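My questions all concern the structure below.
The values are calculated or read from the model by the stated rules, or taken from the named source; none is laboratory data. Being a predicted model, the structure only gives us computed values, none of them experimental. Here the Cβ is made from the backbone with ideal geometry for all residues, glycine too, and neighbour counts use every protein chain on show.
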Amino acid sequence: MSLLAVEGLSIAFGGLRALDGVSFSVEPGEVFAIIGPNGAGKTTLFNLIGGLYRAHSGMVRLAGADLTRLLPHERAARGLARTFQNLQIFFRMRVVENVMVGRHLAERRRLWAELLGLPSVAHENRESRTRALELLAFVGLAERALEPAANLPYGALKRLEIARALAAEPKLLLLDEPAAGCNPVETEEIDAVIKTIAAQGVTVVLVEHDMRLVMRVSDRVLVLDQGRVLALGPPAQVRTDPRVIEAYLGRLGRERAHAG
Amino acid sequence: MGANGRRKLALLAALLAVLVALPWLFPSAFHLRVAALVWINAIAALGLALLMGLAGQVSLGHAGFMGIGAYATALGPKHLGLDPLLSLLGGIVAAGLLALLVGRPILRLKGHYLAVATLGLGILVHLVIVSEVPITGGPDGVQLPRLELLGWRLAGPGTWYAITGASLLLAVWLALNLEDSATGRALRALHDSEIAAAVVGVDVARHKLLVFVVAAVYAAFAGGLFALFNRFVTPDVAGFLRSIELVTMVVIGGMGSIAGAVVGAALLTVLPQALTLFHEYEHAVLGLLIILFMVFLRQGIVPGLAALVRGRFRSPA
């Protein structure tokens with residue numbers, strides 16, 4: 001059974017069909033990339049899978065369970081985690097606390113015990129902190145754990161979001177442009193992080209503009225264009241698909257020819 | 001014990017030291033009464049600080065919950081012959097239930113809309129208290145009998161100083177514990193990004209409701225204490241001005257800070273007393289001081305001063 005199944009997903013914003021009958025499935029343990037020109041509907045697709053938007057039609061299944069009508073926090077409880085293209089950091093909290101919030105679902109929360117500061121709460125806090133520090137070490141932010149998150153540079157915040165998402169111990173991790181705005185060194189670090197995550201058995205779906213990163217890490221690539229699936233297959237096959245070249249370069253080349 | 005645990009203990013120890021030292025420095029009955037008022041206001045401000053500072057939600061009608069606590073404590077013995085302390089407990093439960101009931105629809109609102117909705121709630125409670133004259137005594141207020149506990153009459157400024165001070169210590173301890181817990185982290189998280197909190201599994205609506213109820217319970221407890229201490233309650237306790245005062249205490253003390261709520265409550269309770277020497281300009285001077293505090297310590301007194309002190313240590317002038 002595929003881990004993620006998207007069937008006929010459609011949504012329109014004021015008459016504009018942002019996604020039009022998109023279907024695909026992602027197998028467990030796969031690194032699956034979604035690419036496409038700007039405005040193709042990549043982030044919209046992520047927001048539909050994550051539950052931030054409601055689909056007008058179609059279905060999203062995770063490990064066989066229908067997610068379509070669930071709220072974002074309910075989808076998280078089913079094993080879905082994500083990062084954001086435009087960062088969503090808890091800026092008033094410390095770096096390590098950002099990751100500890102990622103452990104929310106694993107933490108036992110009983111208001112009475114928490115108000116009274118019972119030993120079980122202190123134990124829970126210690127456990128969350130230990131796990132968060134491990135994850136920060138994994139993304140290379142261990143030394144900055146106690147700083148306010150607002151102190152970190154952009155590339156580090158990208159990795160902080162990955163650590164926070166991993167803290168939820170997801171089955172499926174959605175990465176929205178993990179390398180956007182990162183320099184080549186940082187991109188390579190992200191590359192290594194994605195490979196390690198996949199090696200640990202977490203299925204990864206990523207939206208990314210950096211084609212070299214996509215070709216290096218992905219098992220399969222889905223190409224979206226104007227809200228529809230244009231191509232789907234292994235990186236080498238997609239790269240040489242004439243329709244993909246048309247969508248990315250052809251039109252641009254033609255426009256340039258016209259302008260010139 | 002972690003860094004958070006040590007910080008918690010240090011804050012509680014500092015508050016305890018202040019509580020013990022003040023009666024030695026200012027032993028007069030008047031000073032003790034003012035101090036007891038400070039502790040009561042600080043409890044209400046503390047609840048609001050959890051709502052505003054921790055979770056980033058606003059309530060402009062919080063005195064309404066204070067009014068419910070105060071009037072329940074006053075009216076229980078008068079009309080139902082209940083024990084005042086039992087009535088206080090009833091008031092706390094009633095305020096919590098009202099917050100639970102009203103909170104669900106209004107906490108969906110954000111920013112200005114939430115502010116106006118909570119404002120309406122406060123005005124509604126005030127209106128009921130003013131107009132239900134046969135039950136509440138209306139604008140004239142209502143008198144309370146002297147509180148007796150196990151045959152011991154609780155009277156005198158010293159006794160009430162101790163009761164309110166111990167209550168504040170308890171309220172601060174509970175708030176500090178909540179801040180340093182999974183629920184506290186979830187509340188701080190949704191303050192910064194509701195979307196990011198939701199996608200890691202935080203039920204944002206439920207957590208907002210929870211902290212709203214906690215804040216209402218704090219306010220109702222403070223209101224009930226005030227009724228017992230003052231032995232006379234008027235609708236002012238639930239009035240709009242009181243709500244604004246509470247918000248000002250939280251903002252001026254420093255929104256994200258539990259110590260700030262106590263400092264803000266102290267300032268806004270003591271200053272009007274101290275400023276009486278300005279006679280008719282009293283309110284003008286108070287307003288001016290609030291503006292100056294906001295201009296020069298924008299983050300609030302406690303975080304603002306903390307930042308100043310840290311800056312001083314980093315670069316000794």
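Is it true that some residue in the stretch A:54-66 is surrounded by fewer than 21 Cβ atoms within 10 Å (Cβ to Cβ) and touching a residue at least 60 places away in the same chain (Cβ under 8 Å)?
There is at least one residue in the stretch A:54-66 that is surrounded by fewer than 21 Cβ atoms within 10 Å (Cβ to Cβ) and touching a residue at least 60 places away in the same chain (Cβ under 8 Å).
Something else now. Look at the stretch B:142-198 and say how many of its residues are in a strand (DSSP E or B) and either touching a helix residue (DSSP H, G or I) at 6+ places or on another chain (Cβ under 6 Å) or of a type in the set (Lys, Arg) (or both). Don't jump to the end; show me each part of the working.
First, pick out the residues of the stretch B:142-198 that are in a strand (DSSP E or B): B:142-143, B:147-149, B:152-154.
With either touching a helix residue (DSSP H, G or I) at 6+ places or on another chain (Cβ under 6 Å) or of a type in the set (Lys, Arg) (or both) added as a condition, the list becomes B:142, B:147, B:153.
Total satisfying the criteria: 3.
Also, I was wondering about something else. List every residue pair whose Cβ atoms sit under 8 Å apart, with the two residues 6 or more apart in sequence or on different chains, where the first one lies in the stretch B:5-20 and is closer than 12 Å to B:Val172 by Cα and modelled with pLDDT under 95 and the second, anywhere, is acidic (Asp, Glu) and outside any helix (DSSP H, G or I).
That search, which allows pairs on different chains as well, returns B:Lys8/B:Asp180.
Conditions (1) more than 12 Å from the chain's Cα centre (by Cα); (2) among the charged types (D, E, K, R); (3) more than 14 Å from chain B (Cβ to nearest Cβ), marked per residue:
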{"site": "A:Glu134", "(1), (2), (3)": "yes, yes, yes"}
{"site": "A:Ala137", "(1), (2), (3)": "yes, no, yes"}
{"site": "A:Arg144", "(1), (2), (3)": "yes, yes, yes"}
{"site": "A:Ala156", "(1), (2), (3)": "yes, no, yes"}
{"site": "A:Ala168", "(1), (2), (3)": "yes, no, no"}
{"site": "A:Leu173", "(1), (2), (3)": "no, no, no"}
{"site": "A:Glu177", "(1), (2), (3)": "no, yes, yes"}
{"site": "A:Gln200", "(1), (2), (3)": "yes, no, yes"}
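When you look at A:Arg69, is it farther than 25 Å from A:Val217 by Cα, out of contact with any strand residue (DSSP E or B) (no Cβ under 8 Å at 6 or more places or on another chain), more than 10 Å from chain B (Cβ to nearest Cβ) and not in a helix (DSSP H, G or I), yes or no?
yes
Residue check: is B:Phe226 surrounded by fewer than 21 Cβ atoms within 10 Å (Cβ to Cβ) and farther than 30 Å from A:Arg164 by Cβ?
So B:Phe226 does not fit the description; no.
Right, next: Quick one: A:Arg92 ticks every box in (1) assigned by TED's automatic domain parsing to the domain that holds A:Gly155; (2) outside any loop (DSSP other than H, G, I, E, B); (3) buried (at least 16 other Cβ atoms within 10 Å of the Cβ) bar one, so which box is it?
(2)
Now for a separate question. Among all residue pairs at least 6 apart or on different chains, which show Cβ distances below 9 Å where the first residue, located in the stretch A:214-242, is assigned by TED's automatic domain parsing to the domain that holds A:Lys195 and acidic (Asp, Glu) and the second is assigned to a strand (DSSP E or B) and buried (at least 16 other Cβ atoms within 10 Å of the Cβ)?
So the pair list comes out as A:Asp219/A:Val31; A:Asp219/A:Phe32; A:Asp219/A:Ala33; A:Asp225/A:Ala231; A:Asp241/A:Val223; A:Asp241/A:Leu230; A:Asp241/A:Ala231.
Specify the residue that is nearest to the chain's Cα centre (by Cα); the eligible residues are those in the stretch B:135-190 that are surrounded by 15 or more Cβ atoms within 10 Å (Cβ to Cβ) and charged (D, E, K, R).
B:Glu179
Regarding the stretch B:41-60, can at least one residue be identified that is surrounded by 24 or more Cβ atoms within 10 Å (Cβ to Cβ), among the β-branched types (Val, Ile, Thr), within 17 Å of B:Leu88 (Cβ to Cβ) and touching a Gly at 6+ places or on another chain (Cβ under 7 Å)?
no
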